[in-house]
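The values are calculated or read from the model by the stated rules, or taken from the named source; none is laboratory data. Since this is a predicted model, take the numbers as computed values, not measurements. Neighbour counts run over all protein chains shown; Cβ positions are idealised from the backbone, glycine included. Please note that ligands, DNA and RNA were not included when accessible areas were found on the heavy atoms of the full protein model with its side chains. Shrake-Rupley method; radii C 1.70, N 1.55, O 1.52, S 1.80 Å.
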Amino acid sequence: MKLNFVCLILLSFFSLVSCDSNGQKKDPYQADVIVYGGTCAAITAAVQVVKEGKTVLIVSPDKHLGGLSSGGLGFTDTGNKSVIGGLAREFYHRVYMYYDKPETWQWQKKTEYGNKGQGTPAMDGADRTMWIFEPRIAERVFEDFVKENNLKVYRDEWLDREKGVEKKDGQIVSIKTLSGKTFKGKMFIDATYEGDLMASAGVKYHVGREANSVYNEQWNGIQAGVFQHKHYFQKDVSPYKIEGDPKSGLLPYVTDEKIGKNGEGDDKIQAYCFRMCLSSNPENRIAFPKPAGYDRSKYELLARVYKAGWTETFQKYDPIPNKKTDTNNHGPFSTDFIGQNYDYPEATYERRKEIIKEHELYQKGLMYYLSNDEAVPADVRAEMNKWGLPKDEFKDNGGWPHQLYIREARRMIGQEVMTENETMGKKPVSQSVGMGSYSLDAHNAQRYVKEDGFVQNEGDIGVHPKTPYSISYNSIIPKKEDCKNLLVPVCLSSSHIAFGSIRMEPVFMILGQSAASAAVQAINSKVSVQEVNYTKLREQLLKDKQKLEFNQ
């Protein structure tokens, strides 16, 4: 009996020991490519590494994979879908395949769904893609990618940003997480929204808005009085606690800082929010609760907006399947928590958690206010009470999204910088590794008091490129003196306003895949990422059905 027990223990031990083809024990924390992050770009990057025959590990701070694509942003910012190829298009095809199954339509008949997308049908039967979807379906697709490709994912692993990156001769040797694990690789890909690995590796980057003069742009920097969406105060509204009385002090979320001159740069960040998935199905709906610490006075500015006659509360309750929405910011006072995220990019993990919680409480309070407060018009309250958080989404978080919409954080200063001039077609782009096409879309960065004593928002831009544009390989790699074996497909090298277009989820998937192909080629050729042969890289990207140029 004792002998059998010993044999069982030995058998269990040896079954856990993985060996390579030479019989050597494998290090479970070592691979050809280490992908840091849990975003959509991280998944497409890892899948591509495997497809090209190399080993890969995903080291993810997130427990849930997919970032915003599985975190509530289901009303996809497609732009021109003809320039979305490769694994990104495969993702949207797989979403289609789920919705082609009758059992996916649990709360709504497929024939009842309006099939509305952003400039394209939500469900396109002609090319078998689905661009509008529920968070749970997106997460399922990402997990399918993981399972089918036998991807090893280390979840809830946070980079030690202070001393967790070991470099030698200009290259990253390993990264260490706060749990004590050390991950070794030949190539590294930073696929986070924050660019933490990039920053910890000593790569140069920028936070905030550059002055127009830096890259000879028009739409960067401060843009007071520029209104290209409807996210501004269209009528005069007083920002003071007692209307018209500056001595009474400012209402919450209005800065007393004097605004700079148009075109000047600053360190301000476009606003974040949660892309709430809401349900109108009584059987699948959680009423908006009164959050802890709720203070109705924080929403007094919105009361005055309604008093001034505003009627557009539900303009961005964009329909997704099964009687749900992807709910986005709309109007002068909405889900964007303007001016409350400036320190997020460089903040400690602890401070970031505080900022995320502040955004959550603000937005939950806003939903409760809209549903219950008598300062809100009765018809708005009645409509709001038809909506709630979905019981079948984000089940481990009470129906609340697990991902804050980090629209922008750090941006690398790499080999080349993508600017407004490239995205608007004023300058040619060489060495394309993917394409973008969405408008140069920046949300408001501040809410201030004008010279006339009324409140206004600033920073909201929406300029449309004439045609889709290419994104340069040199914008996803650092300068050689900064790091030789790192690729950055999310916090890439871009000006603030160009990033307003590039930052769309399909583009991140595209660039994640391209970064992986470049990493594999660098390994095979034993060169730095800056020395990758673009002709060979291009061949691989085209083989994988990536779109590199726009053919009208």
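Summary table
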read-out: Matching option when the condition is surrounded by fewer than 21 Cβ atoms within 10 Å (Cβ to Cβ), under 20 Å from the mean Cα position of the chain (by Cα) and either of a type in the set (Val, Ile, Thr) or at pLDDT 95 or above (or both), among LYS357, LYS307; value: LYS357
read-out: Elements of type helices (runs of 4 or more DSSP H) in region 456-552, at least 2 residues being touching a residue at least 12 places away in the same chain (Cβ under 8 Å) and more than 18 Å from GLU408 (Cα to Cα); value: 505-525, 534-543
read-out: Any helices (runs of 4 or more DSSP H) falling wholly within region 134-229 and containing at least 2 residues that are of a type outside the set (Asp, Glu) and in contact with a strand residue (DSSP E or B) (Cβ under 8 Å, 6 or more places away or on another chain); value: 135-148, 196-200
read-out: Check on ILE497, buried (at least 24 other Cβ atoms within 10 Å of the Cβ) and either β-branched (Val, Ile, Thr) or under 22 Å from GLY86 (Cα atoms) (or both); value: yes
read-out: Region 174-198, subset open to solvent by 40 Å² or more (accessible area, probe 1.4 Å) and within 23 Å of GLY66 (Cβ to Cβ), residue nearest to the chain's Cα centre (by Cα); value: LEU178
read-out: Some residue of region 372-388 being in a helix (DSSP H, G or I), closer than 25 Å to ASP295 by Cα and open to solvent by less than 40 Å² (accessible area, probe 1.4 Å); value: yes
read-out: Residues of region 66-105 satisfying the condition of being within 24 Å of GLY399 (Cβ to Cβ) and free of Cβ contacts under 8 Å to residues at least 12 places away in the same chain; value: LYS101, GLU103
read-out: Every residue from region 214-250 that is under 28 Å from the mean Cα position of the chain (by Cα) and open to solvent by 30 Å² or more (accessible area, probe 1.4 Å); value: VAL214, TYR215, ASN216, GLN218, TRP219, GLY225, VAL226, PHE227, GLN228, HIS229, LYS230, TYR232
read-out: Cross-chain or 6+ apart pairs with Cβ under 7 Å, region 337-362 first and under 18 Å from ASP156 (Cβ atoms), then open to solvent by 70 Å² or more (accessible area, probe 1.4 Å) and at pLDDT 95 or above; value: TYR349/TRP158
read-out: Top-ranked residue in region 122-173 [being β-branched (Val, Ile, Thr), touching a residue at least 60 places away in the same chain (Cβ under 8 Å) and within 23 Å of ALA201 (Cβ to Cβ); ranked as surrounded by the most Cβ atoms within 10 Å (Cβ to Cβ)]; value: ILE172
read-out: Any hit, region 338-349, residues being open to solvent by less than 70 Å² (accessible area, probe 1.4 Å), under 18 Å from the mean Cα position of the chain (by Cα), aliphatic (A, V, I, L, M) and modelled with pLDDT of 95 or more; value: yes
read-out: Subset of region 419-446 [small (Gly, Ala, Ser), touching a Lys or Arg at 6+ places or on another chain (Cβ under 8 Å) and assigned to a loop (DSSP other than H, G, I, E, B)]; value: GLY425, ALA445
read-out: Selected residue (criterion: surrounded by the most Cβ atoms within 10 Å (Cβ to Cβ)) from residues of region 527-541 that are within 17 Å of VAL429 (Cα to Cα) and hydrophobic (A, V, I, L, M, F, W, C); value: LEU541
read-out: Count of region 33-78 residues which are farther than 23 Å from ILE172 by Cβ, outside any loop (DSSP other than H, G, I, E, B) and of a type in the set (S, T, N, Q); value: 2
